[in-house]
Amino acid sequence: MPRDRREIVLECYRAYETGERSLIEQHLSKDLIFYSPPDPGINLDTYFERCWPNAKLTGEFKLKRLIEADDEVVVSYESTKTDGSRFCNTEVMTFDGEKITQVEVYFGWNLP
């Protein structure tokens with residue numbers, strides 16, 4: 001039975017909260033393409049080089065939106081960093097089966 005894609009996405013955010021890279025690795029396709037303003041179209045290896053170090057700075061995520069539509073899951077969240085600063089973003093994760101093949105990050109703003 002296929003896994004719930006929303007639960008897979010939640011595990012990816014837990015990986016950042018706990019620093020457990022294996023939680024996210026199991027869900028990302030070898031062919032992952034990651035998009036964000038500073039990282040337009042990077043591959044899996046580059047994603048782990050550039051983005052994964054942020055796990056050390058992440059305290060928690062509070063999901064505000066978690067919507068599954070066709071092969072995508074859309075997530076909006078507020079996050080608190082380990083230094084106490086806060087921000088919000090929206091991400092779109094595209095799936096092929098149970099693997100995330102693409103991530104698009106849309107930066108929000110800093111929160112008080």
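Annotations
- In the range 72-81, the condition of being surrounded by fewer than 11 Cβ atoms within 10 Å (Cβ to Cβ) and at pLDDT 95 or above is met by no residue.
- Residue that is surrounded by the most Cβ atoms within 10 Å (Cβ to Cβ) [pool: residues in the range 93-103 that are among the charged types (D, E, K, R) and either part of a strand (DSSP E or B) or in contact with a Cys (Cβ under 8 Å, 6 or more places away or on another chain) (or both)]: LYS99
- Whichever residue in the range 62-91 is in contact with an Asp or Glu (Cβ under 8 Å, 6 or more places away or on another chain) and among the basic types (Lys, Arg) and, among such residues, is farthest from VAL9 (Cα to Cα): ARG86
The values are calculated or read from the model by the stated rules, or taken from the named source; none is laboratory data. For clarity, every value in this text was computed on a predicted model and none was experimentally measured. As a convention, Cβ positions derive from the backbone with ideal geometry for all residues, glycine included, and neighbour counts pool all protein chains shown.
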